[in-house]
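Structure, as structure tokens:
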């Protein structure tokens, strides 16, 4: 039976960037993706926002990796001709109460070194976005947008043309993992066959399914991911009063849902690279399926109402359904990224709870995993080319 030094399960942006960061340390990396295409799930079914870190201040690892990852991602895009743009972001308050919430968020963000401005007049807000109305706002100039599909394609291209042996296997679902002290035996199913191979080390980057993969090795893995479907509508800028250049978000809120306190960033406006199209969303709803990409076609009025108070010229007839994405939440309400070796088999590293802002953080997550691999497993065990 073939034995490889490293297998990575999951071919989204986190799995791909992790493989890219580890290229110099392994002569043979096998990356397995169960879907037909890489980055087919969370990586590309999102708003495509490059976050500055202001929404991750309460989660230590997310905060660190989002702030670091944002800088790395802009650099990567510039070097590798991946479309991205610093659009800036307004987080708007509709009244004095929301303004106090934003002021607290602003103070905490600036304490962490984020580049932020607190705007207290409509005149200041109008200078940035003439069509946005608000009582007050935080302006985040480092927020931007990225063409996530182009990012995925560029990573795949870099890995495919590497001098080192990187095997990118799509349509390859891991169905069983048998752990031992020295290696892992993986069972893989693709459309034509079922086969096994051994890996000395495994990185679990299976996104929505990472908890299920973790339990193949350790049935007592303590985290459980639940799916949440996010729906997006959109409109095209056909009138001057609909012109928008920045991301615009409402004041974030927390709410109770089945004894859990969840953070809700609200339905927001996001510019795109698609012919002056603006995305409106996501609106999140519970779903039982991790494959539920349905979208309600009769919600134009609802989506319009969500943003009407800060973007008053939008009307329901200008909106159309666009797409949906399945995101994740941890069942016990643990919000931070989980990056840790399995408690029984330390050569198995779990990357779990990789929801937003994992796209922004992806290169920093890969960098963080690289340090774990090199420090924990001892660099002497690797062959660096």
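Each value in this text was obtained by applying a stated rule to the coordinates, not by laboratory testing. Not measured: the values here are computed from a predicted model. Cβ placement follows ideal geometry from the backbone for every residue including glycine, while neighbour counts extend to all protein chains displayed.
Working from label points 7 Å from Cα in the Cα-to-Cβ sense, the residue 253 to residue 239 distance is 2.7 nm. Annotation for segment 53-126 versus segment 199-217: alpha-carbon center distance of 32 Å.
Tell me, in nm to one decimal, what length is gained between residue 123 and residue 185 on full extension, where the rule is 0.36 nm per residue of separation less the Cα-Cα distance?
Values: separation 62, 0.36 × 62 = 22.32 nm, distance 6.31 nm.
Value of the extension gain: 16.0 nm.
Pop the C-beta distance of residue 2 and residue 320 into the FRET formula with R0 = 56 Å and round what comes out to the nearest 0.05. Efficiency, rounded to the nearest 0.05: 0.65. With both labels modelled 7 Å from their Cα along Cα-to-Cβ, the residue 170 to residue 344 distance reads 3.5 nm.
Extending 7 Å from Cα along the Cβ direction at residue 194 and again at residue 85 yields two label points whose distance is 5.0 nm. What do you get for the angle between helix 60-80 and the principal long axis of the chain? Use alpha-carbon atoms, 0 to 90 degrees, nearest ten. Here the helix axis deviates by roughly 90 degrees.
At q = 0.12, 0.14, 0.15 Å⁻¹, what base-10 log of I(q)/I(0) does the Debye formula yield for the chain when every alpha carbon is treated as an equal point scatterer in vacuo? Debye curve over Cα of the chain, log10 I(q)/I(0) at q = 0.12, 0.14, 0.15 Å⁻¹: -0.92, -1.21, -1.35.
Could you put 292, 181 in order, starting from the residue whose Cβ has the fewest other Cβ atoms within 10 Å?
Result, fewest neighbours first: 181, 292.
Along the Cα-to-C-beta direction of residue 104, a point sits 7 Å from the Cα; which residues of segment 57-75 have their amide N less than 19 Å from that point? Counting backbone N atoms under 19 Å from the label point, the list is 57-60. Compared with the alpha-carbon gap, the fully stretched path from residue 374 to residue 263 is longer by 36.5 nm at 0.36 nm per residue.
Relative to the longest principal axis of the C-alpha atoms of the chain, give the angle of the C-alpha long axis of helix 96-111, reported between 0 and 90° and rounded to the nearest 10°. The angle comes out at about 40 degrees. Compared with the dominant principal axis of the Cα atoms in the chain, helix 358-376 is inclined by about 30°.
Going by how many other beta carbons lie within 10 Å of each one, how would you line up 1, 354, 343, fewest first? Could you put the intermediate results ahead of the total?
Values: 1 8, 354 29, 343 12.
Lowest count first: 1, 343, 354.
If you take every DSSP beta bridge fully contained in segment 224-331, what fraction is antiparallel? Give it as a percent rounded to 5.
Numbers: 28 of 28 bridges.
In segment 224-331, DSSP labels about 100 percent of beta bridges as antiparallel.
Arrange the following residues from fewest to most other Cβ atoms within 10 Å of their Cβ: 56, 286, 332.
On the way: 56 24, 286 12, 332 9.
Listing 56, 286, 332 from fewest to most nearby Cβ atoms yields 332, 286, 56.
Highest average first, the peptides 297-304, 190-197, 317-324 ordered by how many other beta carbon atoms sit within 10 Å of their residues are 317-324, 297-304, 190-197.
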